[in-house]
1. Go through the stretch A:138-166 and give me each residue that's in contact with a helix residue (DSSP H, G or I) (Cβ under 8 Å, 6 or more places away or on another chain), surrounded by 24 or more Cβ atoms within 10 Å (Cβ to Cβ) and of a type in the set (A, V, I, L, M, F, W, C).
2. Applying the selection to the stretch B:11-21, what residues are at the interface with another protein chain (Cβ under 7 Å from one of its Cβ atoms), over 18 Å from B:G53 (Cβ atoms) and out of contact with any His (no Cβ under 8 Å at 6 or more places or on another chain)?
3. Identify, from the list B:L306, B:L256, the residue that is touching a Ser or Thr at 6+ places or on another chain (Cβ under 8 Å) and within 9 Å of another protein chain (Cβ to nearest Cβ).
4. Test each condition in (1) more than 29 Å from B:A208 (Cα to Cα); (2) more than 14 Å from chain B (Cβ to nearest Cβ) for A:L239 and report the one that comes out false.
5. Name the residue that is nearest to the chain's Cα centre (by Cα), counting only residues in the stretch B:219-232 that are surrounded by fewer than 19 Cβ atoms within 10 Å (Cβ to Cβ) and over 15 Å from B:F304 (Cβ atoms).
6. Quick one: how many residues across the stretch B:22-52 are surrounded by fewer than 24 Cβ atoms within 10 Å (Cβ to Cβ), within 20 Å of B:N110 (Cα to Cα) and in contact with a strand residue (DSSP E or B) (Cβ under 6 Å, 6 or more places away or on another chain)?
7. Can you tell me which of B:T90, B:T79 is modelled with pLDDT of 95 or more and assigned to a loop (DSSP other than H, G, I, E, B)?
8. Consider the stretch A:203-212. How many of its residues are surrounded by fewer than 20 Cβ atoms within 10 Å (Cβ to Cβ), more than 9 Å from every other protein chain (Cβ to nearest Cβ) and not acidic (D, E)?
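The values are calculated or read from the model by the stated rules, or taken from the named source; none is laboratory data. Quantities reported herein were computed from a predicted structural model and do not represent experimental measurements. Cβ placement follows ideal geometry from the backbone for every residue including glycine, while neighbour counts extend to all protein chains displayed. Side chains included, ligands, DNA and RNA excluded: accessible areas come from the protein's heavy atoms. Shrake-Rupley method; radii C 1.70, N 1.55, O 1.52, S 1.80 Å.
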2 protein chains.
Amino acid sequence: MKKILNDPRDVVPEALDGLVAASQGRLRLVDGTTAVVRAGEGGGNVALLIGGGSGHEPLFGGFVGEGLADGAACGNVFTAPAPGVILEATRAVDRGEGVLYVYGNYSGDNLSFDAAGELAAAEGIPTESVRVWDDVASAPPDRVEDRRGIAGDLFVIKVAGAVCAVAESLAEAARISRKARDATRSLGVALAAGSIPETGQPTFELAADEIEIGMGLHGEKGVSRGKLRAADPLVEDMLGRIVDDLAARRGDEVCLLVNDLGSTTWMELLIVTRKAHRLLADAGIAVHDTVVGSFCTCQEMAGFSLTLMKLDPELQAYYDAPARSAAYTKA
Amino acid sequence: MKKILNDPRDVVPEALDGLVAASQGRLRLVDGTTAVVRAGEGGGNVALLIGGGSGHEPLFGGFVGEGLADGAACGNVFTAPAPGVILEATRAVDRGEGVLYVYGNYSGDNLSFDAAGELAAAEGIPTESVRVWDDVASAPPDRVEDRRGIAGDLFVIKVAGAVCAVAESLAEAARISRKARDATRSLGVALAAGSIPETGQPTFELAADEIEIGMGLHGEKGVSRGKLRAADPLVEDMLGRIVDDLAARRGDEVCLLVNDLGSTTWMELLIVTRKAHRLLADAGIAVHDTVVGSFCTCQEMAGFSLTLMKLDPELQAYYDAPARSAAYTKA
């Protein structure tokens with residue numbers, strides 16, 4: 001695979017340099033680390049720190065900004081950030097009321113954020129963790145804690161950012177952010193693999209006419225491999241699994257995210273959006289907001305994911321709050 | 001190439017259906033056409049209509065919204081919209097003060113918009129055209145009117161949208177929008193071709209280790225084909241050509257767009273952004289704003305383009321105005 005890189009070992013620090021440059025003074029690096037934080041004073045008391053492996057850009061650094069995260073601790077490509085990076089980012093974002101961690105539920109990330117949280121506690125900085133586990137393909141409903149976090153991160157970060165800006169306490173911020181997490185479900189489909197920058201090798205193999213539903217962001221096995229289908233039946237299959245898992249019912253209201261995994265065109269995403277809206281309308285489920293674009297990717301993977309977040313009045317109010325970052329702006 | 005489609009002949013109307021669905025009531029189709037317009041009353045007197053061939057999503061439909069375009073007339077993939085579609089969109093967006101057309105400088109688009117403008121004039125709707133010709137690779141500086149329009153469309157549309165919202169007259173809106181156009185230069189590089197949805201065929205061929213600087217959005221010949229290089233010297237070469245053509249000098253202020261042509265990752269775009277900022281800083285050229293993402297694509301083409309718009313106080317004020325659409329939001 002051809003990529004526009006310098007030394008492949010430098011992709012993470014160089015990309016973070018670029019993110020800071022693009023921010024026009026709104027972001028800064030935590031010295032000597034691969035963590036990026038807001039440059040000015042944040043608006044809230046409780047701080048929000050997100051993070052995880054790199055390679056899924058614009059996740060996570062693209063969501064640091066007003067009404068969103070105060071910082072992002074970034075690991076190497078497809079590798080959890082080290083506890084030390086998370087700890088330094090924790091110190092940098094803390095405003096005295098503690099730090100909420102929101103990250104995808106992967107064993108490496110869990111270990112790193114837990115370790116950093118213990119180190120932060122020893123310094124008097126309380127933390128709470130919200131592990132995002134939105135991928136319905138990765139474990140059955142009775143084992144949600146074994147599920148992976150994928151594009152649903154965006155909705156949980158959106159709500160958590162709005163909550164942290166006004167929350168009275170870390171516990172309150174964690175409670176509402178967990179509610180957003182528990183109301184969020186996603187499912188992806190891969191048509192072709194992305195490649196790892198350091199090796200140029202694809203993360204998995206799919207035949208020329210094959211797709212895999214539920215394929216993870218790093219090539220983890222999905223729930224169903226089959227022939228490429230037309231968009232409409234594919235969306236019907238995928239959305240049906242999400243709606244069932246979420247137990248979304250007539251009269252419910254949801255936010256919809258149609259996320260490109262890397263090289264799927266807006267044209268295709270919009271064709272998917274069209275069908276998703278028709279299916280939701282037929283089911284009597286109202287769509288409060290629709291987000292279309294590249295938010296959580298796996299390098300140049302071809303494919304997309306669908307995410308629903310079921311709203312209640314509390315979640316809706318936080319969801320609707322304005323936000324501004326490199327990759328997501330809500331006016 | 002695998003794509004997520006239904007009948008490939010329906011990609012344009014289906015994608016527009018999806019765009020309207022995603023807008024949550026903010027957009028509507030002009031009945032029986034492939035034109036999309038704002039559903040409510042726009043804010044301005046002069047209306048802004050953009051358009052061109054489909055296949056470059058989110059251009060053009062993704063830029064219809066508050067502070068941006070009032071409508072977009074969309075052709076089939078890589079095909080100019082028919083004059084009839086443009087005329088119907090013109091009628092739909094006109095508020096009695098005329099309609100400004102902004103579109104890329106391609107012979108088919110020029111013919112269609114000119115024909116539609118004549119038909120509109122016959123109905124008493126005055127129009128003015130601003131043809132975007134930002135691609136420095138496509139003709140020498142003494143023949144700018146032969147240059148193609150590429151990602152610089154975004155900056156011209158951004159300024160034109162802000163201008164139309166407050167302009168006293170169509171002539172004034174056209175004057176300032178032309179100034180934005182004349183201050184904008186772009187250059188792209190392709191690493192791999194995108195494919196046409198109806199045929200599945202790539203639009204051109206590049207060897208596994210080849211790149212082409214200045215390649216057009218439809219595979220038009222560029223200015224220099226060579227071996228894949230590291231990001232930094234590639235950006236230096238490309239940005240140098242843009243800065244020279246724009247005659248940007250120490251003390252000037254610019255906006256920078258780093259645009260993905262389809263399947264280039266944010267990680268790569270940020271590495272490009274980093275180098276572009278360093279080069280501009282070295283040249284004493286201030287960057288007022290930086291935009292990174294997928295705005296003007298050629299299906300899943302791998303590659304990126306760089307765009308600079310040189311600001312003066314008038315352009316800066318319009319550039320800074322808030323805007324909101326499916327693909328571009330400025331808060």
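1. Within the stretch A:138-166, A:L154, A:F155, A:V156, A:I157, A:V159, A:A160, A:A162, A:V163, A:C164 meet the criteria.
2. Residue satisfying the conditions is B:D17 alone.
3. B:L256
4. (2)
5. That would be B:E220.
6. So the count comes out to 1.
7. B:T79
8. Within the stretch A:203-212, residues that are surrounded by fewer than 20 Cβ atoms within 10 Å (Cβ to Cβ), more than 9 Å from every other protein chain (Cβ to nearest Cβ) and not acidic (D, E) number 2.
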